[in-house]
Structures are given as structure tokens and as C-alpha cells.
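Structure first, then comments.
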Amino acid sequence: MQSQYFDVYSSWENNPEAFWKSASEAIDWFKEPDAVFDANAGVYGRWFVGGETNTCYNCLDRHVAAGNGDRLAFIHDSAMTGAQRSFTYSEVLAEVKAIATVMRDLGVGYGDRVVIYMPMVPEAIFSMLACARIGAVHSVVFGGFAAQELAARLNDSQAKLVISASCGLEPGRVVAYKPLLDKAIDLATVKPEHCLIVQRPELIAQLRPEKGELDFADLVGNALGRDIECVAVKATDPLYILYTSGTTGKPKGVVRDNGGYMVALAWSIPNIFGIKPGEVFWTASDIGWVVGHSYIVYAPLLAGNTSVIFEGKPVGTPDAGTFWRVIADHDVKVFFTAPTAFRAIRREDPDGELMAHYDLKGLRALFLAGERADPETLKWAEQKLKVPVIDHWWQTETGWPIAANPMGLGLMPFKHGSPTRPMPGYAIDVLDDSGLPVPAGTLGNLAIRLPLPPGCLPTFWSADERFRETCLSTFPGYYTTADAGVIDEDGYVFVMARTDDIINCAGHRLSTGSMEEVCAKHPDVAECAVIGISDTVKGQIPCGFLVLKHNVSRETEKISSEVAEMVRSQIGPVAAFKTVMIVPKLPKTRSGKILRGTMQKIADGMPWTMPATIEDPGALDAVTAALIAKGYGGGMRAVSRTGDT
Ligand code: COA
Ligand code: AMP
């Protein structure tokens, strides 16, 4: 089929408001918007101003009212426990109503914030929807984050309620959540009034009712059968806050609205992902990330799909065939995950032998996002699965794909390494550092012309100015993605690297700046630098370089492991901060800037040039020696030392 992409994209370009007005008809509004877009509202304008709706209503109630209550909404498949459980739309609605009632009884209402710190269990998702039902704003915190990170989110969101679980399950260990939650609340300056705890049989937490700690199942079980209406919220009201790594240690609270988000997601499901109502869509991610918010929870429900909630890993739970088992068991039509998962599977099962044990004939497409999809992994997935493998590019900030090859509109030819073309709503320019467009094929800053489309963030939580400064001020008239890339002469986008200190480790977005902040707190550390270095499975892993204070005589191995432990306990195990090197000096320019880019090239064994402005070339030699000693890069010496001073 000839792709309709060009017609659809130009229909958006010619009349964006008519395009989004038509897309908004997929949503049930309690009150129609006064305007599709109001350029004078908010920081750069707001979508569907004056409209009133409810996201939970659109996800659940309207499907039940339309007679589709018996359709499956969710299949929970835990590769950790072996449990499998399905929920129809009617059953989810009943659970969500019960949770919403409990929340209301606890005094949580419209506009209040609720932090959800949960593993991949259905109660986590039902709680998100219950917040949406009563107009409360949820903020889901990924289970792999430490108490300190949770505390930062409690403070910034000023949450009234926390919903958590007694434990998460990681391969080989039970992660006790309650002690982390207790510590976070101790650290937080703004304390929640109540904590609702889902007790999992693998570890029962001690609850202190006098401290507002309540058993989720008791309260929700008693509330089953009670009715609670959906609160009419403004299209522009926040549905959730999702904190993501910024360039400082303080996470950015990305705000998502109700109306625009629903419109964008509802458009994306048939057009980008090519799925029909009633079909099974599986996104193997976590609700702690934006991918989980959009494509495990909200988009599949808006479109009347069945969504798989998966608890487990691509490998080791129990083997590299788990993904194929889930696809076969649940007749998954479209599957979405991060490239790192495929690299992990390929490492364990290079010939894809485990695939042969499962019937994968129902699968129509694999979507990959969250990090750059390297061409080797893409080709491997294509050869083994024999379905289109669609790389698409987006960010927590955008909430849905910026660039993709839209399955529902007919696929365009693929170019490995490119997420194809911009989706309607996104006009992307490649700019040099002074903000001027560069010729096709030239690397530059990927910037999106304002206004951002519906679904993208209107601002940061309680921080309009930080949003302006971070995202809108670098290139006036644009949102800066902080990704560097190329648009080729055919209009294909290639996303190559971040322009800030964010690294992508196993599809998880992490700030090396915040890791440096933690390393610097160690009493023996005088100076430090953390860079992302290439890793064959995780894409990138953090690598810390420490310079010790002069008088330190303790064993360096011990100091390295203490620093690694500090990052693990203050940021979280997900930071995967395990590679630490002690060096006598950090390589810097004469003006004092640490040469992180050059260090990264050395670590990755890439050609590098001695920077002309280096203060002490010996410092780079020491970094190289430390890397070689640990088995990293370091191989290629300077291709040009003409800049030596
Ligand atoms: N709660 C507590 N700890 C968690 C956690 C959670 N929800 N998620 C991860 N962790 C811990 C892990 O147990 C691990 O701890 P360890 O250092 O003691 O082993 C650490 O954080 C790193 O975890 P992870 O990134 O999952 O690495 P891994 O080595 O266990 O597995 C992959 C590697 C590639 C299999 C895994 O990262 C993966 O499945 N990635 C896909 C990522 C993804 O879907 N991202 C979403 C964006 S689309
Ligand atoms: P997150 O906000 O966690 O979704 O991370 C967003 C970042 O991940 C982007 O800014 C990119 O750096 C990277 N990213 C996501 N998808 C892709 C992709 N398809 N290709 C390249 N990089 C990607």
C-alpha cells in the first residue's frame, strides 16, 4: 500500500487546527473546547482550551457504556511469579471506582497530587486511572529509584497520598519497598497524609495505622460496588506529573494535560501503531517511564485495546524466550520495547532458537524506542521476527512519537538508524549552535518549531520559568529536544546523541550530572566526572572518574566501592553505577572545563584529537591508562596531535 503519510502530514501543515479538531472527535467531551488552540494561554499556548472531559471516562466508562464491558482491558503476566490474570473493561472500572472511593474518603480530590511507587502490578495502573477519575494528579515514581529520589518527588509534587506496595520482584531478590518509602518520607519536607500499601505475598510489610499507613486490599475490597462519578476536568488540567532527569540533580516535573494528551494518543494508535479496537498491544516497559504511561495504560485503553502488563525481564525470567512466550500466549499483535531488550536477548540466544518454540504468526510489528536503535539490532530483529521493525523517537516531554514510520498510514521505505519522518504536529529543524538551519545531511541540534502538538508538555510542574529556560530559550521559537541529529535529503531524521549530560542506560534516562553530585559528597573525593560509555547490551553505562584528596591514604578499591554504593542508595540501582576509576587528575581545558567528550571517545575506542586548549595532556594519558586497566576502549591514540600545546 502506498503510504498516506505525505497527504496526512501536509493536511496537518496546511491547517493544524482543523487537523487536531478532527482528531479530537475520537474523544468524548463533557463540554466541547472553546478553541482548538489558544496561542495566548500558558507558556507557548494551550490546546483545547475551555474543553471539559475526563480521561478515566474515555478509557473505561464509555467502552462499558458502548457494550464492550466484557472485552479484555488488561492481561497481567508476571514472569517473576508465574501468575497470569485478565481483567475486562467492566472489571477494571469496578476496581478503579473502588480505589477512587477510598481516595475520596481519605480526602483526596480534584487537583491533589498522589505519588504511586509501585512494581508492575495491576493495582498500580488501576490507581493511576482512579486518580484520573477524581481529577487528582498522579506522579508515578519508578521502583528502581532510591529513597532520596522519591523524597525529591514527594517534595516537589507536595503529594497528599502515596500508593505503594510491600515489594518489587527483581531476578534473584525481593526488593522491599516499604523501608525505601519510610526513608523517603523521613527525608521529605512535605509529608503525605496517608500511604496505601498493596501487600504482596512475597513480603508482607509492617503497617503503622497511627502514621496513616493503610492496607490497600482491605480498604479497596470494602469499597467494591460503591459508585463514584468521573469529575469533569478542564482539558488543560494536569493528568499527571512525570519526573525525568534534567541537567541538574533536581528532576524536572513534566506536566501532561488531559485533553491534548488523549487526542494525541487516540490519533497515534490507529495511525502510527496500526492497531484496531479489541486487539492486543504489548509494551514491555514499566509504568515508571513515559512509554508505560502512554502505551501500557492510556493509549491502549482509549483505543479499546487489550494491554499486557508484564512483570519480568527479557532475559533470565526464566530465559531469552520469555518475550516470545508472552506474544504467543496472549496473541499480541503489536509489540513495543526498547532496543536494549533485544540486545540482551540476542546476546543470550544469537540465532533466535527460542523463537521457534512459540507461535508468533499473529505479530504484525515490533516498535522500538527509548534510545537509539542500532542498525545491527534492528536487522537482527527483522530477520528473526520477519515483521516490520519500527524505530520511533520520542521523549518524556513529548509523550508520544516525534518521528516514526506510521504503520497505520502505510509504511515508507526504511533506513536503518533512522526513526523515519516527523509525525503530524511536529516540524523539526536541524540548527547549528547559533540557531541557524544547517544543510541536509549535516549534524546539528534537533529542534521542534512551536507550538508543540497536543500531548506534549505545556510546562514543568510549578516551574514555568525553568521550562522556558531549559526548553524554549536556546533557540527562540523552538522547543529544543537536547538531541543532536541529522535530517537527510529525503527528509529522514537520524537521532545520534544527547547534547546535554543525559545518558541512556538500558533504555533508562539518567543524568550523569546528578551522579557527579553524589560522588562529590564522598569525604575522600576532591573532584569527579561521570561520563556515559558504550555498552553492548545497555547502550551506555555510567563510568565515574574520581580524584582523591591529597591526604587520603585509604585503599582506593574501598573508596570506589563506597562511592558506587552511594550512587546506588541515593539515586537507585537502575543507575547501574558500577564502573569507578581513580585518576590523579581530570583532563581539563585551560579554562577549567572537564574534557568529558574526549574522555568518552577514549573510553569507546574512538578516534580522538588532543584538544588544543588542554591544560595537562598527562591527565588524558592517566585516564586512558585507567580505562585500559579496566578493559575499556583506550585503543586508538590521537589521530591528530596538531592541536597539542
Ligand atoms: N525496582 C527495583 N530495582 C530495580 C527495578 C525496579 N523496578 N528495575 C531495575 N532495578 C535494578 C535491577 O535489579 C538491577 O539491580 P542490580 O544492579 O542489583 O542487578 C539494576 O536496577 C539495573 O536494572 P536493569 O536496568 O533492569 O538492568 P539488568 O541488568 O537487570 O537488565 C536489561 C538489563 C537490558 C535486561 C533490562 O535493563 C531491560 O529489560 N531493559 C529494558 C528497559 C525498558 O524497557 N525501558 C523502558 C524504556 S522503553
Ligand atoms: P525518555 O525521556 O526517557 O523517553 O528519553 C528520551 C531520550 O531518549 C531522547 O531525548 C533520546 O535521546 C533518546 N531516544 C528515545 N527514542 C529514541 C530513538 N528512537 N532514537 C534515538 N534516541 C532515542
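The values are calculated or read from the model by the stated rules, or taken from the named source; none is laboratory data. Bear in mind that the values here come from a model prediction, so they are computed numbers and not experimental data. Here Cβ is always computed from backbone atoms with ideal geometry, including for glycine, and neighbour counts include all displayed protein chains.
Elements of the type strands (runs of 3 or more DSSP E) sitting completely within region 262-338 and holding at least 1 residues that are in the same structural domain as PRO119 (by TED's automatic domain parsing) and not small (Gly, Ala, Ser): these cover 280-283, 306-311. When HIS508 is tested against (1) under 28 Å from ILE571 (Cβ atoms); (2) in the same structural domain as PRO422 (by TED's automatic domain parsing), just one condition goes unmet, and that condition is (2). If we keep just the residues of region 484-523 that are away from ligand 1 (no atom under 16 Å from the Cβ), surrounded by fewer than 20 Cβ atoms within 10 Å (Cβ to Cβ) and of a type in the set (D, E, K, R), which is nearest to VAL141 (Cα to Cα)? Residue satisfying both the conditions and the ranking: GLU517. Output yes when any residue across region 388-397 is touching a Leu at 6+ places or on another chain (Cβ under 8 Å), of a type in the set (A, V, I, L, M), within 13 Å of ligand 2 (Cβ to nearest atom) and within 27 Å of VAL297 (Cα to Cα), and no when none is. Yes. Taking the residues in region 270-298 that are of a type in the set (Gly, Ala, Ser) and touching a strand residue (DSSP E or B) at 6+ places or on another chain (Cβ under 8 Å) as candidates, determine which candidate is farthest from ligand 1 (Cβ to nearest atom). Ranking the candidates gives GLY278 first.
Of all residues in region 375-388, exactly one satisfies the criterion of being touching a His at 6+ places or on another chain (Cβ under 9 Å) and either buried (at least 19 other Cβ atoms within 10 Å of the Cβ) or within 19 Å of TYR295 (Cβ to Cβ) (or both), namely LEU378. Taken together, GLY399, GLY370 contain a single residue that is touching a Gly at 6+ places or on another chain (Cβ under 6 Å), touching a residue at least 40 places away in the same chain (Cβ under 8 Å), more than 10 Å from ligand 1 (Cβ to nearest atom) and over 25 Å from SER86 (Cβ atoms), which is GLY399. If only residues of region 396-409 that are among the polar types (S, T, N, Q) and buried (at least 22 other Cβ atoms within 10 Å of the Cβ) are counted, the one that is farthest from VAL290 (Cα to Cα) is ASN405. Scanning region 215-269 for residues that are in contact with a strand residue (DSSP E or B) (Cβ under 7 Å, 6 or more places away or on another chain) and among the polar types (S, T, N, Q), we see that the one that is modelled with the lowest pLDDT is THR247.
Taking only region 459-477 into account, find how many residues are in a loop (DSSP other than H, G, I, E, B), surrounded by fewer than 23 Cβ atoms within 10 Å (Cβ to Cβ) and touching a residue at least 60 places away in the same chain (Cβ under 8 Å). Qualifying residue count, region 459-477: 3.
Tell me, yes or no, whether region 295-311 has at least one residue that is under 18 Å from the mean Cα position of the chain (by Cα) and surrounded by fewer than 21 Cβ atoms within 10 Å (Cβ to Cβ). Scanning region 295-311 turns up at least one residue that is under 18 Å from the mean Cα position of the chain (by Cα) and surrounded by fewer than 21 Cβ atoms within 10 Å (Cβ to Cβ).
When you look at LEU363, is it outside the structural domain of VAL297 (by TED's automatic domain parsing), more than 13 Å from ligand 1 (Cβ to nearest atom) and crowded, with 19+ Cβ neighbours inside 10 Å, yes or no? Answer is yes for this residue. Quick one: is GLU615 surrounded by fewer than 17 Cβ atoms within 10 Å (Cβ to Cβ), acidic (Asp, Glu) and out of contact with any Pro (no Cβ under 7 Å at 6 or more places or on another chain)? Against the criterion (surrounded by fewer than 17 Cβ atoms within 10 Å (Cβ to Cβ), acidic (Asp, Glu) and out of contact with any Pro (no Cβ under 7 Å at 6 or more places or on another chain)), GLU615 does not qualify.
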